Amino acid sequence: MTGASEQCEASPLVSKPANCEYDEPSYGTALEREFEVHDIGSLVDVGELETAFSFRKLLRFAGPGFAMSIAYLDPGNICSDLHCGAVAGYKLIWLLFLTHALGLYVQTLSARIGIVTGQNLAQHCHRQYPRSIRIPLWLICELAIIGSDIQESIGTAIALYLLFGVKVWAGILLAAVLSYFILGIQRFGARKVEAIFIAMIAVMCGCFGVEVLMASPDVGQITKGLFVPRIPSNATVQAVGIVGAVIMPHNLFLHSALVGTRRIKRAADIRLASIREANFYTTLESAVALLFSFAINATILIVFADIYSRNSSDHSSLVAAAEQHLPGLVEAASLLRGAFGKAGPLLWAIGLLASGQSSTATGTMAGQYLMEGMMRLRVSPWLRVFISRSISLIPTMLVGVLATSHLDQFDEWLNVLQSLALPFALIPTLKLAQSHAVMSSDFATTRNWRLFGWITAAAIIALNVYLLFPIMLELALHGAAAACLAFLLLGLYLVFVAVLARYEILSAVT
């Protein structure tokens, strides 16, 4: 246990009362359980406050942003990139970049909440919302994490199938076992975990980067796709899917917690300057991490855009075939074999394996922070991964055994689930970040940034309604009862979003 002075160090940085007493668990407490840290000195010390830019200081802050960026590289995103390249060619690169830019904005807000207040997003949700809101909010976010876990299990299973010929159902079981191996690394400290994530990103950069070099794509078309916004009429679904695949709801909870692994100098005379420094380096590190994420996603899109455009005489028929039946992660390996020989599917499978296993670990960590912070359910990481994997294993195994040919359709539905759940993490983030009572007048978002954030949230909700309407109309064809149920669920969804948006945020310290 830490002493009274150390507990005071772990307390919120702003609005800190003189006696430094809180009923809420501090960052230090949560991270001691997660990373087996037994005193505050075991956290990453970022050093003394510096007035000029320091690359060494940036390296000390580096880690949480790269861990956060893993969610932008999970198998669901890889599948989305593949589909965009197959159907729209290079035309959606600009949208991929835009979603990463929006992701940087919301992730920065999430990280700032953690840095400024000393508590993560889930802990704030526990403080701010009554049980009638908090429980359904927690269940929706947990459902999104389980959906993401299913995607990652399927991605890992497909990678094992491509590498070793392991049956998909056996690969799903093996993926669950591998999760415990990565989880065990957490016992050696935050920096070790972050090093593993950075290594996984490097593997993906290497594998997918080599494939781009092998493809030798049209640089002019890539440049046009990046700087000329356009959405082909036949790629509307893929364009909407990019948003659902890239920005993950559980990532906001994760990032706001992981920034707590940095020990910031909190003496009263330098507290505000330390927070500003931490916000600057955290934002910079997140931008660098998401730039790598964008590059990896873009390489996948570009490779398959190149494959589908290589034979100009068959291009129209190939795109038409892709629209009728989108290529999946397994079929992608066959396409790469035809384009690049044996090296193509090998690089693809290794990159996919790194994607699936690293995103599984970050999803487990996010679930741990969500469960402990929002519901005060203190469950060990080992039990957490057992529970989440047990719940997700049943539908994943059913698909792996009974519907192997429909794995990618299942993956698309899970991307829709992520998009639907996103407002329930995004809205609390926006509300907290703009609150002067929570963030203080020094760090609350300004009027223009607040407006930008709410426009972004409204656009995401509108996209979700756009995604839901065709599904509802299809259900309506099955009778009046099905139609009433579909519209009732849509109404409940919109009402809950409105309640979150209008709920008043109180002081961070109660």
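The values are calculated or read from the model by the stated rules, or taken from the named source; none is laboratory data. Keep in mind the model is a prediction, meaning the values are calculated, not measured. FYI the Cβ positions are ideal-geometry reconstructions off the backbone, even for glycines, and counts take in every protein chain you see. Keep in mind that these areas ignore ligands, DNA and RNA; they rest on the heavy atoms of the full protein, side chains included. Shrake-Rupley method; radii C 1.70, N 1.55, O 1.52, S 1.80 Å.
Things to note:
- Screening F208, F197, F181 for residues that are at pLDDT 95 or above, among the aromatic types (F, W, Y) and either surrounded by fewer than 19 Cβ atoms within 10 Å (Cβ to Cβ) or part of a helix (DSSP H, G or I) (or both) leaves exactly one candidate, F208.
- The range 75-112: number of residues that are within 29 Å of L451 (Cα to Cα), more than 17 Å from the chain's Cα centre (by Cα) and open to solvent by less than 10 Å² (accessible area, probe 1.4 Å): 2
- Tally, over the range 161-178, of residues that are open to solvent by 10 Å² or more (accessible area, probe 1.4 Å) and in a helix (DSSP H, G or I): 12
- Test set (1) out of contact with any Pro (no Cβ under 6 Å at 6 or more places or on another chain); (2) over 19 Å from N279 (Cα atoms) - Q119 fails condition number: (2)
- Every condition in (1) farther than 27 Å from H83 by Cβ; (2) at pLDDT 70 or above; (3) crowded, with 16+ Cβ neighbours inside 10 Å is met by R378 except one, and the failing one is (3).
- Test: residue in the range 101-119 that is of a type in the set (A, V, I, L, M, F, W, C) and closer than 25 Å to Q221 by Cβ: yes
- In the range 228-246, the residues that are modelled with pLDDT under 80, touching a His at 6+ places or on another chain (Cβ under 9 Å) and open to solvent by 10 Å² or more (accessible area, probe 1.4 Å): V237, G241
- Here the range 411-460 is the region considered, the condition is being modelled with pLDDT of 90 or more and of a type in the set (F, W, Y), and the residue that is farthest from the chain's Cα centre (by Cα) is F443.
- Residue list for the range 333-361, filter: modelled with pLDDT under 95 and among the aromatic types (F, W, Y): F340
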